[in-house]
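A short worksheet on the structure shown next.
The values are calculated or read from the model by the stated rules, or taken from the named source; none is laboratory data. Keep in mind it's a predicted model, so treat the numbers as computed, not measured. For neighbour counting, all protein chains shown are included, and Cβ atoms are generated from backbone atoms with ideal geometry for every residue, glycine included.
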Amino acid sequence: MKNWIIDNLKTLFYALILAIIIRSFLFQPFYIPSSSMEPTLLPGDRIFVSKYTYGYSKHSFPFSPNIFGGRFFFNKPQRGDIIVFKTPADNRTDYIKRLIGLPGDTIQFIDSELYLNSKKINKERYESSNKVYCGDDILNVNFYKEFLSKESYYNIAYKKRGTLANTNKFVVPEKHYFFMGDNRDCSKDSRFLGSVGYVSYENIIGKARIIFFSNNVLEGRFLEFWKWKKSLNYERFFKKIK
């Protein structure tokens with residue numbers, strides 16, 4: 001009996017070590033709790049984030065141990081990447097947003113149009129009369145394709161009325177990045193300098209890669225298996241994140 005207990009404890013210990021290694025160096029699962037990244041990511045999506053894409057910092061490890069500064073094996077993020085990071089306000093809370101501004105970039109909204117380095121970013125409306133949630137509120141929005149280049153675009157949502165019109169010019173500091181949610185009028189992000197602001201390269205956790213599971217939280221919680229027929233978003237299972 002004693003040997004059986006010891007063998008099982010060893011198995012659990014090795015499994016725990018393996019899980020920590022995978023979570024810290026390869027992939028980590030995350031749950032999407034809010035609408036800030038609609039239409040790209042929906043509340044109830046569960047995603048895998050690659051930890052190796054941008055190298056490693058203390059935030060790559062459980063509980064962010066303060067054992068070193070900076071990043072090892074650092075690879076620069078690309079504009080347009082969807083990234084999980086620790087918020088600068090507390091260095092603990094995980095946020096997921098889209099990378100818009102690189103170090104040295106300037107970002108500004110003028111008459112509801114996004115300008116990057118004084119150049120307007122083109123967007124094309126592809127759907128109207130849509131509704132997205134913002135907490136308990138429902139927003140009437142238009143969906144757009146926003147083009148970072150002629151070949152590269154992503155999908156975003158802007159309110160039909162009362163969308164963000166004008167801002168001051170944001171200048172991204174060295175070794176920092178500027179993030180925004182795709183649901184532009186329901187996202188606490190780098191536009192809010194007092195709570196999020198510019199994000200240090202040390203705070204980056206990893207790149208969002210794939211949706212491995214999705215449950216429509218409006219139709220039922222995951223544990224309510226008798227509602228799965230309506231609540232599970234099968235078409236989103238193993239969907240690549242763009």
Picking from G69, G80, which residue would you name as being surrounded by fewer than 19 Cβ atoms within 10 Å (Cβ to Cβ), among the small types (G, A, S) and under 26 Å from D185 (Cβ atoms)? G80
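Take the conditions over 17 Å from I241 (Cα atoms), out of contact with any Gly (no Cβ under 8 Å at 6 or more places or on another chain), surrounded by fewer than 16 Cβ atoms within 10 Å (Cβ to Cβ) and at pLDDT below 90 and apply them to I138. Does it pass? Even if it seems obvious, please write down each step before you answer.
Details: over 17 Å from I241 (Cα atoms): yes; out of contact with any Gly (no Cβ under 8 Å at 6 or more places or on another chain): yes; surrounded by fewer than 16 Cβ atoms within 10 Å (Cβ to Cβ): yes; at pLDDT below 90: yes.
Answer is yes for this residue.
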Is it true that some residue in the stretch 160-180 is in contact with a Pro (Cβ under 7 Å, 6 or more places away or on another chain), within 19 Å of G44 (Cβ to Cβ) and touching a residue at least 60 places away in the same chain (Cβ under 8 Å)? no
Is it true that F30 is aromatic (F, W, Y), in contact with a strand residue (DSSP E or B) (Cβ under 7 Å, 6 or more places away or on another chain), in contact (Cβ under 8 Å) with a residue 12 or more places away in the chain and surrounded by fewer than 19 Cβ atoms within 10 Å (Cβ to Cβ)? yes
Pairs needed: first member in the stretch 204-229, more than 30 Å from H176 (Cα to Cα) and touching a residue at least 40 places away in the same chain (Cβ under 8 Å); second member anywhere, aromatic (F, W, Y) and surrounded by fewer than 15 Cβ atoms within 10 Å (Cβ to Cβ); C-beta distance under 7 Å; at least 6 residues apart or different chains. F213/F237; S214/F237
With the condition being farther than 18 Å from M180 by Cα and not aliphatic (A, V, I, L, M), I'd like the strands (runs of 3 or more DSSP E) fully within the stretch 24-118 carrying at least 2 qualifying residues. 27-31, 45-50
Complete set of residues in the stretch 1-22 that are at pLDDT 80 or above and basic (K, R): none
Flag for N203 being under 20 Å from L116 (Cβ atoms), within 16 Å of the chain's Cα centre (by Cα) and not aromatic (F, W, Y): no
